[in-house]
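A short worksheet on the structure shown next.
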Amino acid sequence: MEKIVKKGLSILLITGVAAGCASNQDPKPQAGGNVKPITLTMWAGTGFKDIEGYESKNYGDWEKQKAQEFQKLHPNVTVKVESVPFSDIEQKVNVAVAGNNPPDILYDNIPIRISKHARKDVLIELDDVVKDDKADWKEAFLNMGTINGKLYALPLGSVPQVVFLNKTIFEKKGVTVPKDRSWTWNEMKDALKKVADKNTYGIAYFAKNEQADQLMVSNVLAAGAQWANKDITEYTVNSSEGVEALSFMLSLQEEGLVAPGTATMDVNGNFELFKQGKLAILNHTSPVYGDLEAGKKNGAVDPSVEAFGIIPVVKEGVTPRITVTGENGYAIFKQDDPEKKKMAVEFVKFLTQPENIKAINKATYGISARKSGTYEITNKDAAEVFEQLNKLEIVDLGKNKAYFSTLRQKFYPEMQAAFLKAKSPKQALDDFVKNANELAAKK
């Protein structure tokens, strides 16, 4: 998986846009006649907004407008789109599947959640969506949606981890940001001591829930620990290196360099502090660039905030690695009506046209799933940090394991316990690894 995803990351083109393929041609409206009405339901996770060329300030706006475009081409089809927060979508879909009433089309995370439904045999295969232009799809991304040798989900792209500094805060304090886009633990700690004060937090960690937990994992791996063995059959993050990394995070907390409330802080709260100009260092992902640009236009971001991206901060002598997330895409639940199935496939094919893939990834600073969906990064800071990110190894967290959703529920409570000092760093990681290995051992 590591090599596969890394290949997908390296394909991102910093300049130039690949030529579109034949599937880019505008489809013609469906001919009139005596056709029965068809209604499709789509539940869309909150993956993107502010898409170029669309009035899409809210999650779900783009999908609803694309549904209207599709309906003009197919007047007998009605597409009902519901935007569902990623924090709620897993439970909502699980309940619907259990009640035999799922949506027709789902946009969600593929390796963590959609793969579970594929294993339950409640999704249709999507070979018909890609058969005409399969060569235009990057193999790494098709592999993400392939479960047990069959294509059940179509990803749009993915987003890499980025550490963001608020350059304005550092400059005001006379602290130089790293021109080579990298820092060691000691360099970061020295800088934090100079910028953190009663009005500014140094860095924030978050362990309220499983959302964006790959960022916390990345910090735990910063002293050289391995998440698991090569084939993800045994978890090893409780090594001395893992304990050292978690201990380092706690030492920053003890010195007053971490925003308070890690156990109750979520990734959104973390970002809000940064947007308000109250946080010097933000652990997040590449879509932050787009969110900050949009936020400055609508007043959601303090005008003083200036993002400066760097690669993950690690212990001296350790080679940086990155985690990726946002491997989101489309799946279609099984249909009894062949005409409804046909239209669901056509709508997903419509949504995954190269120009749409390009627009979505441009808005999120993501890695496009289609070769002809690549784009030029016009943000100078983002272009420079992506150049460095492209060189790094990507950590395989085993997201495609059937038990991974359960595994995530075991991780963040241990982080809470460590930051609340209810457990030592070693005990917290030992307890997590015990639970993780029990899950891995189940067949």
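Numbers for the structure displayed
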read-out	value
Amide H contacts of Ile147 (H built 1.01 Å from N, under 5 Å, at least 5 apart or other chain)	Tyr152
Fraction of the pair-distance distribution of segment 123-178 above 20 Å, Cα-Cα pairs, percent	49
Assigned charges on the beta-carbon of Lys, Arg, Asp, Glu; segment 386-443 dipole about Cα centre (debye)	240
At 0.692 mPa s and 37 °C, Stokes diffusion of segment 62-152 via Kirkwood alpha-carbon radius, µm² per second	220
Segment Lys36-Asn148, length gained on full extension (0.36 nm per residue, minus Cα span)	36.8 nm
Net length gained if the chain between Ser239 and Tyr403 were fully extended (0.36 nm per residue, minus Cα distance)	56.8 nm
Ellipsoid equivalent to segment 200-345 - semi-axes via the Cα gyration tensor, in Å	32, 26, 13
Segment 113-216 - percent of accessible surface contributed by carbon and sulfur, probe 1.4 Å	42
Rounded to whole Å, sorted largest first: equivalent-ellipsoid semi-axes of the chain, Cα gyration tensor	38, 25, 19
Student exercise, segment 93-231 dipole from Lys, Arg, Asp, Glu Cβ charges, in Debye to nearest 20	880
Partners for Lys340 among aspartates and glutamates (Cα-Cα distance below 16 Å; same-chain residues under 8 apart left out)	Asp104, Glu125, Asp128
Solvent-accessible area per residue, Å², over the chain with all protein chains present [probe radius 1.4 Å]	43
Heavy-atom accessible surface of segment 352-432: percent carbon and sulfur, 1.4 Å	48
For q = 0.11, 0.15, 0.16, 0.20 Å⁻¹, Debye-computed log10 I/I(0) when each Cα of segment 285-427 counts as one equal scatterer	-0.69, -1.10, -1.17, -1.29
Those trypsin sites (Lys or Arg not before Pro) in segment 177-223 that DSSP places in a loop and that have at most 14 other beta carbons within 10 Å	Lys179, Lys198
FRET efficiency, 1/(1 + (r/R0)^6) with R0 35 Å, evaluated for Glu255 and Ala441 via beta carbons	0.30
Whole-Hz ³J(HN,Hα) from phi, Karplus 6.51 cos²θ - 1.76 cosθ + 1.60, for segment 374-389, glycine and proline x	6, 8, 8, 7, 8, 6, 4, 5, 4, 4, 5, 6, 5, 4, 6, 4
Virtual spin-label span in nm between Gln276 and Glu82, 7 Å along Cα→Cβ	3.3
Residue-averaged [θ]222 nm for the chain, counting only DSSP H segments that reach four residues, each worth -39500 (n - 2.57)	-12000 deg cm²/dmol
Segment Lys172-Lys315, length gained on full extension (0.36 nm per residue, minus Cα span)	48.8 nm
Lys194 versus Asp121: modelled label distance in nm, points set 7 Å from Cα along the beta carbon direction	6.3
Projected-area average for segment 187-254 over all orientations - Cα convex hull basis, square nanometres	5.8
Projected-area average for segment 32-83 over all orientations - Cα convex hull basis, square nanometres	3.7
Protein accessible area in segment 248-333, 1.4 Å probe - carbon and sulfur %	50
5 angstrom amide H check on Val79, placed H, neighbours 5+ away	Leu40
Antiparallel DSSP beta bridges within the chain, as percent of all bridges there, nearest 5	60
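The values are calculated or read from the model by the stated rules, or taken from the named source; none is laboratory data. These numbers come from a predicted model, not from an experiment. With ideal geometry, Cβ positions are generated from the backbone for all residues, glycine too; neighbour counts draw on all protein chains shown. With ligands, DNA and RNA removed, areas are computed over all heavy atoms of the protein, side chains included. Shrake-Rupley method; radii C 1.70, N 1.55, O 1.52, S 1.80 Å.
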